[in-house]
Every structure is written in C-alpha cells, then in structure tokens.
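Trainee: I have a structure I would like to understand better, so I am pasting it below and will then ask my questions one at a time.
The values are calculated or read from the model by the stated rules, or taken from the named source; none is laboratory data. It should be emphasised that the depicted structure is a prediction, and the values quoted were computed from it without experimental measurement. Cβ sites come from the backbone with ideal geometry, for glycine too, and all protein chains shown count toward neighbours. With ligands, DNA and RNA removed, areas are computed over all heavy atoms of the protein, side chains included. Shrake-Rupley method; radii C 1.70, N 1.55, O 1.52, S 1.80 Å.
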Amino acid sequence: MIGVLIFPDFQLLDAAGPISVFEIAARASGKTTPGIRVLALKAGPVRSSSGVEIVARDFKSANVITTLVVAGGAGVTDAARCSVTRAFVQRLARRGVRVASVCSGAYVLAEAGLLDGRRATTHWGRTRDFVARYPKVKFEPDQIFTRDGNVWTSAGISAGIDLALAMVTEDHGEDIAQQTARQLVLYHRRSGGQSQFSSLLELKTPNGRFGALLSWARENLDAPLTVEDLADRAGMSARHFARAFAAETGTTPSKAIERLRIEVARERVQSSREAIELVAEATGFRDPERMRRAFIRAFGQPPQALRRAARAG
C-alpha cells in the first residue's frame, strides 16, 4: 500500500505525479485496485498551492502503508515544523516502511532526522538553504533522485515521477516500469542530473559572489582550473576559497568546474560534428574516456549517444 503525505499548500504535481505512476503500474501488473492512500494531519479536503483540493485520510489510516511519499510545496515549512507530522514519519521509518520525498518534501524527512548521514537531494533552487540547515545530510545537488537504504529523495516537482518509476522497477520489474513510462509518454529513465535544468543559474548570476569567477572559468575550460588556480583568481587562500565557495553554492569548486565542462561539452557534442576527442581536449577533460564517464554520471549516456539523439531529433 502506497501512502502519499500532503499538507495545506502542497504542490499538486508532487502528489499527483507519483500517484499516477503507481496507479498505472498497478493496472499493468494486473491488480484490480492501485492500493494508494492520501494522508494528512487532518482528514478531509486539503488545499494545494494551486487551489485544487485532494481528499485525504488522517494518519490513523497508515497501518497498512509499506511506502510513504512526502510531497513538497509552499506549505512544507509548517509541515516540517509540525511535531505530530514528524513523529508520524519517524514511526513509519522505524517500522521499516520505505520513505520518500518529492522536491521540498525532503525538509520533512530532514526535520525528522531521517536524512542525517544519508545521501539526499531536493530542488536545485533550494540547495543553498538546505545545505545550511542540514549539514549532517550528504547532499547531492545534481541528482534527479537518490536512494540511501530505505530512504529516497527526489529533485524538483516532476522528478517525483522519476522516483516513482524507480520504485516501480524495484517492486514490479523493468517490464512493468517500461510499460508505465510508455503509458505516461515518458522516458523510463530520464537522462542527466538537475544541472541540465538549473544550468548553474545560481552559480552564474551576475550578483552571485563567484559569478564573475565562473564566467571566467567557462571561457578558460582548457586550463587546469585547480582549486589553487581559482583561489588565486579570487584573491583568496585555497582553504578559505574552498569553504566560501561550498557555503555559497552548495557544491565544491571541482564539481562546479566539472559541471561547467559538461555543460559546454554537451553543447558542442550535440550541435557540431567535431570529433569527441577534440571536444574533450577543448573543454579541459583531456582524455575522452574521462569525459565519457562524466557524461554518464550527469546524463546517464555517453557523448556519442547524446549526439545520435540530437541528430535524430
């Protein structure tokens, strides 16, 4: 039985996306009922941030839940501060229930202590705040979703669908997950991490502390661009620079440079016939194999596959 936890001012798609995935997967696997319950602190209609309401049961109806998905949204701060909601999530986790969050629903799990020492993610736009609030979490800003043991988290809004499809794969196998994705007219596994959507927007904004530095780095990707190089350019010691950069951006200098290299390399791979080896050299990867591994981490595909897809499109 799937439980979806909502609260006043929740994001509608955070709940409706996974619900649709689980419903279609249940039908594809031959079940007569999808086995989904929407839960809230108080039973009855719960208003989303869009004004659309969903009728929910109260927490007493969770005795048969084996998976709990916590939605995010504008009202997540109040939900995360609610001691009854936190205790409910903790109780289910202790019982062995698989617990997941969509987008900012990660704040509820973090406040409940379920993410301490675990890998987790949330919407890229909340990176800075989340990292500052929850330093014990092993935050991964570029993931569409993460899984650490029995605790899952996903990135912004539609990424809840990716997370739900991964759960369907675990529960019902690849065939059912693929059937579900086809019914939804979606990729079974979306290529890439959040950086393909955020495109380092927060890092490159003109008023960002390191915006000018990253703009310079993007124009000089064929240089080594070590932490020492960047610190020297910023007029700071390497140690102070690394700490300040991570605090400002939510990622390390080396990861930020790799993401810049991936971004530029992908543009060149998809829009030109330039040899992969030359792209790797020009963007600072040097070794095509190193670039291939970086592409697989970021997009789930090697450069050649992205080029073929771009040409087919």
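Trainee: Restricting attention to the range 121-131, which residues are over 8 Å from the mean Cα position of the chain (by Cα) and in contact (Cβ under 8 Å) with a residue 12 or more places away in the chain? Don't jump to the end; show me each part of the working.
Mentor: Of the residues in the range 121-131, the ones over 8 Å from the mean Cα position of the chain (by Cα) are 125-131.
Across the range 121-131, the qualifying residues are Gly125, Arg126, Thr127, Arg128, Phe130, Val131.
Trainee: Here's a follow-up. Can you find even one residue in the range 224-237 that is open to solvent by less than 20 Å² (accessible area, probe 1.4 Å) and at pLDDT below 90?
Mentor: no
Trainee: Can I ask one more? I'm trying to understand the selection: among the residues of the range 239-256, which are surrounded by 22 or more Cβ atoms within 10 Å (Cβ to Cβ) and in a helix (DSSP H, G or I)?
Mentor: Result: Phe245, Thr249, Pro253, Ala256.
Trainee: Scan the range 208-234 and report the pairs whose first residue is closer than 19 Å to Glu263 by Cβ and whose second residue is open to solvent by 40 Å² or more (accessible area, probe 1.4 Å) and assigned to a loop (DSSP other than H, G, I, E, B), with Cβ atoms within less than 6 Å and a gap of 6+ or a chain change.
Mentor: Gly211/Thr205
Trainee: So, in the range 132-166, of the ones that are in contact (Cβ under 8 Å) with a residue 60 or more places away in the chain and either polar (S, T, N, Q) or in contact with a Pro (Cβ under 8 Å, 6 or more places away or on another chain) (or both), which residue ends up nearest to Leu184 (Cα to Cα)?
Mentor: Ile161
Trainee: Pull out all pairs, ordered by first then second residue, where Cβ-Cβ is under 8 Å, the residues are six or more apart or on different chains, the first lies in the range 67-85 and is among the polar types (S, T, N, Q), and the second is surrounded by fewer than 20 Cβ atoms within 10 Å (Cβ to Cβ) and assigned to a loop (DSSP other than H, G, I, E, B).
Mentor: Note: pairs meeting the criteria are Thr67/Met1; Thr67/Val97; Thr85/Leu41.
Trainee: Show me the strands (runs of 3 or more DSSP E) found entirely inside the range 29-144 where at least 2 residues are under 20 Å from Leu163 (Cβ atoms) and open to solvent by less than 50 Å² (accessible area, probe 1.4 Å).
Mentor: 36-39, 67-70, 98-101
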